[in-house]
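A quick write-up on the structure given underneath.
The values are calculated or read from the model by the stated rules, or taken from the named source; none is laboratory data. The shown structure was predicted, so the numbers you read here are calculated from the model rather than taken from an experiment. Cβ placement follows ideal geometry from the backbone for every residue including glycine, while neighbour counts extend to all protein chains displayed. Each accessible area value is taken on the protein alone, full model and side chains, heavy atoms only, with ligands, DNA and RNA left out. Shrake-Rupley method; radii C 1.70, N 1.55, O 1.52, S 1.80 Å.
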Amino acid sequence: MLWKDGKKKALTLSYDDGTIHDRRFIDMLNKYGIKCTFNLISGVFRDDHFEVDYSETPIEDHKWVIVAKDEVGKLYEGHEVASHTVTHPRMNALSFDEVKTEVNDDRKVLKELTGYEINGFAYPWGEYDDQLIQRLDSLGIVYARNVEDRQDFSIPENFLSWNPTCHHDNPDLINLFNKFIESDNEGELFYLWGHSFELYINNNWDVLEEFFKLVSLHKDEIWFATNMEIYNYVKENK
Ligand SMILES: [Zn+2]
């Protein structure tokens, strides 16, 4: 299988929790034309626009500062918004009714803010099991991301148990990407995930900048797509 426009490779990203550090992260993505899926927790959106002074020493406490509700539509435009529940619970412990409320209430708010149906999902705390997969399926969720670095470039057998290639802090990030781009295999996917607040706390935005620069050198060979675009393309073409 070739990807869109006959490209051999595709790249997708998935970033969680919707903290204010997404603002700086999205500026970087847009500079390189790279697409990302953002998994948002609608129950904790702020009412005000909190700003961080980036010259400050990184402060652990700032990691959970969430974006304001009224900036969601504009901020994430051109990328994808997906569900990460209303309150970020440990989902294996929930009843089906509780799962339904966490997922569907989140999708409803996110749909109002973005204008489109939300059928993608990321598991809070990376916690899932077979029962939860079935429950999400019954609610019309079509893909759901886990947190185990596969360190490979395959398309998942089951999109409701979709593991990424690696986290941006994986020390093999650049090696993995070089392996990905040097291989002749068609239809491969590089899937990066993380949280933008980690870049703030660890002050390692340069890791992403270096990765994006490397990726952009190969932009003619790689389709930059959101998670949902990858899912839809695979369903239509495989
Ligand atoms: Zn999360």
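Give, rounded to the nearest 20 debye, the magnitude of the charge dipole that the chain has about its Cα centre when Lys and Arg contribute +1 at Cβ and Asp and Glu contribute -1 at Cβ. Each step should come with its number before you reach the end.
Numbers: 25 positive and 45 negative charges, 139 e Å.
That gives a dipole near 660 debye.
Sequence-distant or interchain residues sharing an amide H contact under 5 Å with residue 224, placed H: which?
Under 5 Å from the amide H of residue 224 lie the amide H atoms of 11, each far enough along the sequence or on another chain.
Taking the Cα centre of the chain as the origin and placing charges on Cβ (Lys, Arg +1; Asp, Glu -1), which of 91, 66, 158 is farthest toward the positive end of the dipole?
Going by the charge dipole, the pick is 158.
Looking at the chain, identify the longest residue range that excludes and avoids all GluC sites (Glu not before Pro) in DSSP loops having at most 16 other Cβ atoms within 10 Å. Numbers along the way, then the final one.
Numbers: sites that count: 51, 56, 77, 117, 127, 148, 157, 186, 221.
Between exposed loop sites, the widest span is 1-50.
Between the DSSP loop rule and a limit of at most 16 other Cβ atoms within 10 Å, which chymotrypsin sites (Phe, Trp or Tyr not before Pro) in segment 70-133 are left?
Listed in order of number, the matching sites are 116.
Report residue 228's accessible area, 1.4 Å probe, all protein chains in place, as a number in Å² to the nearest 10.
30
Leaving ligands, DNA and RNA out of it, rank 103, 207 by accessible area with a 1.4 Å probe, largest first.
207, 103
Using a 1.4 angstrom probe with every protein chain in place, what is the largest-first accessible-area order of 216, 95, 14, 138? Working shown, then result.
Working: 216 30, 95 50, 14 0, 138 80 Å².
Output order, biggest surface exposure first: 138, 95, 216, 14.
With θ taken as phi - 60° and the coefficients 6.51, -1.76 and 1.60, list the Karplus ³J(HN,Hα) couplings across segment 25-39 in order, rounded to whole Hz; mark glycine and proline as x.
Along segment 25-39, the couplings run 4, 5, 4, 5, 4, 5, 4, 9, x, 8, 9, 9, 9, 10, 9 Hz.
List the residues whose amide H sits under 5 Å from the amide H of residue 163, counting only those 5 or more places along or on another chain, with H placed 1.01 Å from N in the peptide plane.
146
What residues qualify as long-range amide H neighbours of residue 37, i.e. H under 5 Å apart, gap of 5 or more or another chain, H built at 1.01 Å from N?
13, 14, 15, 80, 227
Classify segment 1-117: rounded, prolate or oblate, from the alpha-carbon gyration tensor (a ≥ b ≥ c, eigenvalue square roots; a/c under 1.5 rounded; otherwise prolate if a/b is larger than b/c)?
Oblate, since a/c reaches 1.5 and b/c is not below a/b.
In straight Cα distance, which lysines are under 26 Å from residue 100, not counting same-chain residues fewer than 8 positions off?
In chain and number order, the partners are 69, 108, 111, 235.
Could you check what % of the DSSP bridge pairs in segment 4-237 are antiparallel, to the nearest 5?
Values: 1 of 27 bridges.
For segment 4-237, the DSSP antiparallel bridge percentage is about 5.
Counting only heavy atoms of the protein chains, get the accessible area per residue of segment 4-237 (1.4 Å probe) and round it to a whole Å² value.
That works out to 45 Å² per residue.
Applying the Karplus parametrisation 6.51 cos²θ - 1.76 cosθ + 1.60 with θ = phi - 60° to the phi angles of segment 135-150, what ³J(HN,Hα) value in whole Hz is obtained for each residue in order, glycine and proline being reported as x?
5, 4, 4, 5, 8, x, 6, 9, 9, 8, 9, 9, 10, 8, 5, 7
For the chain, with the dipole built from +1 on Lys and Arg beta-carbon atoms and -1 on Asp and Glu ones, taken about the Cα centre, which of 119, 19, 144 lies farthest toward the positive end?
119
Mind listing the phi-derived Karplus ³J(HN,Hα) values for segment 195-208, rounded to whole Hz, using 6.51, -1.76 and 1.60 with θ = phi - 60°, and x for any glycine or proline?
Along segment 195-208, the couplings run 10, 5, 5, 5, 5, 5, 5, 8, 6, 10, 4, 4, 4, 5 Hz.
Out of the total accessible area of segment 4-237 (probe 1.4 Å, heavy atoms of protein only), what percent is carbon and sulfur?
Working: 4700 of 10440 Å².
Carbon and sulfur: 45 percent of the exposed surface of segment 4-237.
Check cross-link reach from residue 238 to the aspartates and glutamates: straight Cα distance under 15 Å, and skip same-chain residues fewer than eight apart.
Answer for residue 238, where 15 Å is the Cα cut-off: 157, 186, 188, 229, listed by chain and number.
Could you identify which residue out of 123, 15, 32 has the top mean-square fluctuation in a GNM of the chain using Cα springs shorter than 10 Å?
32
Which trypsin sites (Lys or Arg not before Pro) in segment 142-181 sit in a loop by DSSP (not H, G, I, E or B) and have at most 16 other Cβ atoms within 10 Å of their own Cβ?
Those satisfying the criteria are 150.
Please quote Rg/Rh for the chain to two decimal places, taking the Kirkwood radius as Rh and restricting both calculations to Cα atoms.
Values: Rg = 17.2 Å, Rh = 18.2 Å.
That ratio is 0.95, to two decimals.
For 181, 230, give me the order by solvent-accessible area with a 1.4 Å probe, most accessible first, ignoring ligands, DNA and RNA.
If we order 181, 230 from most to least accessible, we get 181, 230.
Segment 73-119: which trypsin sites (Lys or Arg not before Pro) are DSSP loop and have at most 10 other beta-carbon atoms within 10 angstrom?
Of the trypsin sites (Lys or Arg not before Pro), the ones in loops of segment 73-119 whose Cβ has at most 10 other Cβ atoms within 10 Å are 90.
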